[in-house]
Amino acid sequence: TRAETVASFEARIFLERTPGGPSLAAKPLKTGAGWYRGDLHAHTGHSDGSCQTQSGARAPCPVYRTAEAATARGLDFIAITDHNTTSHFAAMAQLQPAFDRLLLIPGREVTTFHGHANVFGPTAFIDFRLGDAAVPNVRTLQSLAEGAGGFLSINHPTALSGEACMGCGWTAPDTDYARVGAIEVANGGSERAQGGAEGPLLGVAFWEAQLNAGHRITAIGGSDNHDAGLSSDIASSIGRPTTVVHAPELSTTGLLAGLRAGRVFIDFDGSRDRLLDLSARTARSTATMGGALAARRGETVIFTATVAGADQARLEIVQDGEKRAPVFTRPGVFSIRMGDRPSWVRVNLRDTDGRLLAIGNPIYLSPAP
């Protein structure tokens with residue numbers, strides 16, 4: 001008879017006070033409000049990310065390669081968003097103490113036949129089986145993400161769908177856009193596919209349609225990187241594009257608060273120093289990008305755009321989805337008269353050849369009583 005084998009093991013159970021679990025970093029990596037640069041869409045070998053091995057072959061790419069690439073690009077944060085899994089969170093938690101200048105934000109790309117959406121923040125499982133009895137519609141999915149404490153962003157909404165790319169574009173019926181935190185208007189993979197920032201895959205028109213419907217949704221970008229070893233001059237390499245967030249501190253909680261507030265711009269080149277900010281004022285009040293301002297009908301609202309790291313670039317003014325040509329009273333300063341309906345105003349940044357460098361989020365105007 002075979003001798004009985006006895007094995008011992010230890011099981012540890014962790015109880016968490018918050019629905020989605022704590023941040024991977026025990027404390028903020030930086031304190032104090034400021035602009036923080038990062039990438040909100042990246043994949044590793046825990047889903048479909050791969051990179052080159054020592055011998056030149058391809059293999060599932062480990063999480064640390066993505067963290068190293070983000071560090072080399074000078075980023076402050078990166079969200080790793082593997083498809084429909086939570087397995088990468090353990091590797092991220094292991095790496096975070098060593099990467100004490102790079103915030104690793106827990107994320108996952110909820111990948112369905114009706115579109116893809118990133119959920120940032122929670123580490124708990126979120127059922128992704130849209131159309132199943134457990135998740136019969138997208139509003140249920142939104143409730144699951146919210147219940148876990150997550151921030152939801154619709155990814156590459158204007159990507160091809162159907163037989164060309166099943167589920168890549170956003171086609172989910174009955175989406176509650178009042179509960180959508182962000183829309184990924186700039187996607188590195190899409191930029192690479194169409195040969196530049198602008199083209200049919202840029203999600204600006206999709207986003208602006210929701211703004212015109214009265215929703216306040218933050219525009220963001222993400223590389224959608226699937227190979228951490230891509231050269232930094234290639235669109236969809238880590239940090240191209242970069243999302244730049246004004247946040248109260250460099251922590252997951254702080255970054256998500258910054259995304260919700262909407263003082264955010266997208267830097268297509270992934271530079272280390274570019275800045276695009278917008279403020280507005282009337283005789284009685286002020287607002288910054290992402291904020292709201294009430295003005296009386298016919299009242300002049302004065303806007304000030306702040307630009308850095310883009311020599312000779314020009315501002316492009318967008319109001320309610322239409323490009324405007326206001327008179328600049330001095331560099332970066334222009335005015336708009338308040339109408340009798342709610343409105344929004346934002347700015348883009350273009351180089352001397354017209355190439356799109358950066359996309360800014362709006363300031364929302366409303367008629368004062």
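The values are calculated or read from the model by the stated rules, or taken from the named source; none is laboratory data. The structure displayed is predicted, hence computed values, not measured ones. Quick reminder, even Gly has a Cβ in these numbers, built from the backbone with ideal geometry, and neighbours come from all protein chains shown.
Looking at 172, 159, 193, 178, can you tell me which residue is in contact with a His (Cβ under 9 Å, 6 or more places away or on another chain) and not in a loop (DSSP other than H, G, I, E, B)? Explain how you work it out, then say what you get.
Values: 172 fails: not in a loop (DSSP other than H, G, I, E, B); 159 fails: not in a loop (DSSP other than H, G, I, E, B); 193 fails: in contact with a His (Cβ under 9 Å, 6 or more places away or on another chain).
After applying the criteria, what remains is 178.
So that you can scan it fast, the table gives a plain yes or no per residue for (1) at pLDDT 95 or above; (2) buried (at least 24 other Cβ atoms within 10 Å of the Cβ); (3) closer than 30 Å to residue 74 by Cβ:
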| site | (1), (2), (3) |
| --- | --- |
| 100 | yes, no, yes |
| 104 | yes, yes, yes |
| 109 | yes, yes, yes |
| 117 | yes, yes, yes |
| 169 | yes, no, no |
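If you check residue 193 against the conditions, is it of a type in the set (A, V, I, L, M, F, W, C), buried (at least 19 other Cβ atoms within 10 Å of the Cβ) and assigned by TED's automatic domain parsing to the domain that holds residue 80? Explain how you work it out, then say what you get.
Details: of a type in the set (A, V, I, L, M, F, W, C): yes; buried (at least 19 other Cβ atoms within 10 Å of the Cβ): no; assigned by TED's automatic domain parsing to the domain that holds residue 80: yes.
When the stated conditions are applied, residue 193 does not pass them.
Answer yes or no: is there a residue in the range 175-187 that is surrounded by fewer than 21 Cβ atoms within 10 Å (Cβ to Cβ), among the hydroxyl-bearing types (Ser, Thr, Tyr), within 30 Å of residue 35 (Cβ to Cβ) and at pLDDT 95 or above.
Within the range 175-187, one or more residues are surrounded by fewer than 21 Cβ atoms within 10 Å (Cβ to Cβ), among the hydroxyl-bearing types (Ser, Thr, Tyr), within 30 Å of residue 35 (Cβ to Cβ) and at pLDDT 95 or above.
Evaluate the range 125-139: report whether one residue or more is in a helix (DSSP H, G or I) and under 22 Å from residue 262 (Cα atoms). Can you show your working first?
From the range 125-139, those in a helix (DSSP H, G or I) are 138-139; that's our starting set.
Narrowing further to those that are under 22 Å from residue 262 (Cα atoms): none.
Taking every residue of the range 125-139 in turn, none turns out to be in a helix (DSSP H, G or I) and under 22 Å from residue 262 (Cα atoms).
Out of contact with any strand residue (DSSP E or B) (no Cβ under 6 Å at 6 or more places or on another chain), charged (D, E, K, R), surrounded by fewer than 24 Cβ atoms within 10 Å (Cβ to Cβ) and more than 20 Å from residue 149 (Cα to Cα), is that true of residue 233?
yes
Would you mention how many residues in the range 211-224 are closer than 29 Å to residue 237 by Cβ and not in a strand (DSSP E or B)? Please lay out each step first, then the result.
The initial filter retains those residues of the range 211-224 that are closer than 29 Å to residue 237 by Cβ, namely 217-224.
Checking the rest, the ones that are also not in a strand (DSSP E or B) come to 217, 223-224.
Selection size over the range 211-224: 3.
Of the residues 243, 253, only one is within 12 Å of residue 36 (Cα to Cα) and outside any loop (DSSP other than H, G, I, E, B); which? Don't jump to the end; show me each part of the working.
Working: 253 fails: within 12 Å of residue 36 (Cα to Cα).
Checking each option against the conditions leaves just 243.
Name the strands (runs of 3 or more DSSP E) wholly within the range 284-339 that hold at least 3 residues that are at pLDDT 95 or above and touching a Gly at 6+ places or on another chain (Cβ under 8 Å)? Please lay out each step first, then the result.
Numbers: elements: 286-288, 292-295, 300-308, 314-319, 322-324, 328-330, 333-337.
Per the criteria, 300-308.
Given 272, 297, which one is within 21 Å of residue 356 (Cβ to Cβ), touching a residue at least 24 places away in the same chain (Cβ under 8 Å) and surrounded by fewer than 19 Cβ atoms within 10 Å (Cβ to Cβ)? Don't jump to the end; show me each part of the working.
Working: 297 fails: within 21 Å of residue 356 (Cβ to Cβ).
Sole residue among the options that is within 21 Å of residue 356 (Cβ to Cβ), touching a residue at least 24 places away in the same chain (Cβ under 8 Å) and surrounded by fewer than 19 Cβ atoms within 10 Å (Cβ to Cβ): 272.
Would you confirm whether any residue within the range 323-339 is touching a helix residue (DSSP H, G or I) at 6+ places or on another chain (Cβ under 6 Å) and either surrounded by 15 or more Cβ atoms within 10 Å (Cβ to Cβ) or over 28 Å from residue 258 (Cα atoms) (or both)? Quick ask: steps written out before the conclusion?
Of the range 323-339, the ones touching a helix residue (DSSP H, G or I) at 6+ places or on another chain (Cβ under 6 Å) are none.
Within the range 323-339, not a single residue is touching a helix residue (DSSP H, G or I) at 6+ places or on another chain (Cβ under 6 Å) and either surrounded by 15 or more Cβ atoms within 10 Å (Cβ to Cβ) or over 28 Å from residue 258 (Cα atoms) (or both).
Identify the single condition in (1) buried (at least 20 other Cβ atoms within 10 Å of the Cβ); (2) in contact (Cβ under 8 Å) with a residue 40 or more places away in the chain that residue 206 does not satisfy, given that it satisfies every other one.
Condition not satisfied by residue 206: (1).
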